[in-house]
1. With respect to Ala45, determine if the residue is open to solvent by less than 70 Å² (accessible area, probe 1.4 Å) and at pLDDT below 85.
2. Which count do you get for residues in region 25-52 that are assigned to a loop (DSSP other than H, G, I, E, B) and under 13 Å from the mean Cα position of the chain (by Cα)?
Amino acid sequence: MLDPEDVVGRAYGLAAEGLALIRPDGYLGLVADTSDPALVRRYLADTLHVAAPAAEPAAVAGPS
């Protein structure tokens, strides 16, 4: 969800780089003062037991 009016940010005192992760059931799952993707991955893994996505396979070169 984009929040161009910064309603969530103001309500939770988030800095410009902060984030609020809202779960599909509408509950606020994570509030952080950083938008570091590692933090979101750790939250998903530790709290929701969502595994990290597998690495994409290397591209296979076609015939030359």
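The values are calculated or read from the model by the stated rules, or taken from the named source; none is laboratory data. In this text, all values refer to a predicted model and were calculated from it rather than measured experimentally. Surface accessibility is based on the protein's heavy atoms, side chains included, excluding ligands, DNA and RNA. Shrake-Rupley method; radii C 1.70, N 1.55, O 1.52, S 1.80 Å.
1. No; evaluated as a whole, the condition is false for this residue.
2. 7
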